[in-house]
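Engineer: Quick one: the structure is below, questions incoming.
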Amino acid sequence: MAHEQQAKWNGKACAELAAVRAEQVWPFLEDFFGLNKWFPTLTTCLPVEGVSGQPGCVRYCAGFKTPVTNGDETENWTKQKLLSIDPTEMTFSYSIIDGNVGFNSYVSTVKVVQREDGCKIEWYYEVEPVEGWALKDLDSFIGTDV
């Protein structure tokens with residue numbers, strides 16, 4: 001019996017920052033190897049290869065907790081590859097290329113959007129369904145509010 005291919009999960013998270021210009025936020029996001037400087041649940045972000053901010057560079061991220069992390073001592077980790085970056089549009093895309101959290105075919109796009117009263121960070125993702133997770137678990141992990 002053939003298994004039916006389940007559609008990819010898609011989602012979007014947003015963070016609105018009052019009285020902060022997009023140009024002030026972009027340098028933090030543009031520093032691909034500096035994710036741990038602004039992502040609160042991440043303890044480690046290290047360069048693996050390439051130059052930060054250049055397509056093809058790879059970072060190692062570890063120490064984060066997921067909604068389905070069990071009580072074992074295994075540290076969650078991923079390797080993420082920068083696919084594209086556009087400083088003019090303040091956007092970049094990356095994929096998870098390895099890890100132990102069950103993400104397959106994960107691609108994310110992050111964009112900073114200027115608003116009248118500040119700026120907004122939009123984080124779009126697409127991933128194959130994750131074994132042992134529900135879509136709401138991933139939305140919770142990403143921090144979606146839309």
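Engineer: May I ask you to list the residues in the stretch 40-50 that are surrounded by 14 or more Cβ atoms within 10 Å (Cβ to Cβ) and within 18 Å of residue 93 (Cα to Cα)?
Structural biologist: Listed by number, the residues that qualify are 45, 47, 48, 50.
Engineer: So, in the stretch 116-131, how many residues would count as being at negative phi and either in contact with a helix residue (DSSP H, G or I) (Cβ under 7 Å, 6 or more places away or on another chain) or part of a strand (DSSP E or B) (or both)?
Structural biologist: The first filter runs over the stretch 116-131 and keeps only residues at negative phi, leaving 116-117, 119-131.
Retained after the next criterion (residues that are either in contact with a helix residue (DSSP H, G or I) (Cβ under 7 Å, 6 or more places away or on another chain) or part of a strand (DSSP E or B) (or both)): 119-127, 130.
Number of matching residues: 10.
Engineer: Separate question: Mind listing just one residue for me: the one in the stretch 77-108 that is β-branched (Val, Ile, Thr) and outside any loop (DSSP other than H, G, I, E, B) and, of those, farthest from residue 27 (Cα to Cα)?
Structural biologist: Initially, the stretch 77-108 is screened for residues β-branched (Val, Ile, Thr), giving 78, 85, 88, 91, 96-97, 101, 107.
Those left that are additionally outside any loop (DSSP other than H, G, I, E, B): 78, 85, 91, 96-97, 107.
Details: 78: 22, 85: 12, 91: 11, 96: 22, 97: 24, 107: 21 Å.
Going through the qualifying residues, I end up with 97.
Engineer: Only residues in the stretch 20-40 that are closer than 19 Å to residue 119 by Cα count as the first member; pair them with residues that are basic (Lys, Arg) and assigned to a helix (DSSP H, G or I), Cβ under 8 angstrom, at least 6 apart or cross-chain, and list the lot.
Structural biologist: Within 8 Å, the pairs are 28/37; 31/37.
Engineer: Still on this structure, please answer the following. Is it the case that the stretch 6-22 has a residue that's in contact with a Pro (Cβ under 7 Å, 6 or more places away or on another chain) and either assigned to a loop (DSSP other than H, G, I, E, B) or at pLDDT 85 or above (or both)? Walk me through how you get there before you give the answer.
Structural biologist: Pass one, the stretch 6-22, residues in contact with a Pro (Cβ under 7 Å, 6 or more places away or on another chain): 6, 9.
From the residues that got through so far, the ones that are either assigned to a loop (DSSP other than H, G, I, E, B) or at pLDDT 85 or above (or both) too are 6, 9.
Checked against the condition, which is being in contact with a Pro (Cβ under 7 Å, 6 or more places away or on another chain) and either assigned to a loop (DSSP other than H, G, I, E, B) or at pLDDT 85 or above (or both), the stretch 6-22 yields at least one hit.
Engineer: Let me ask you something else. Does the stretch 48-86 hold any residues that are at pLDDT below 80 and touching a helix residue (DSSP H, G or I) at 6+ places or on another chain (Cβ under 9 Å), and which are they?
Structural biologist: If the condition is that a residue be at pLDDT below 80 and touching a helix residue (DSSP H, G or I) at 6+ places or on another chain (Cβ under 9 Å), then 64, 65, 66, 67, 68 are the ones that fit.
Engineer: Here is a further query. Between a first residue in the stretch 70-92 that is closer than 16 Å to residue 50 by Cα and a second residue that is among the basic types (Lys, Arg) and modelled with pLDDT of 90 or more, which pairs have beta carbons less than 6 Å apart while being 6 or more apart in sequence or on different chains?
Structural biologist: 80/59
Engineer: State yes or no: is residue 104 exposed (fewer than 15 other Cβ atoms within 10 Å of the Cβ) and at pLDDT 85 or above?
Structural biologist: Judged against the criteria, residue 104 is a match.
The values are calculated or read from the model by the stated rules, or taken from the named source; none is laboratory data. The structure presented is a predicted model; accordingly, all values stated were derived computationally and were not measured. Glycine gets a Cβ as well: all are built from the backbone with ideal geometry, and neighbour counts include every protein chain shown.
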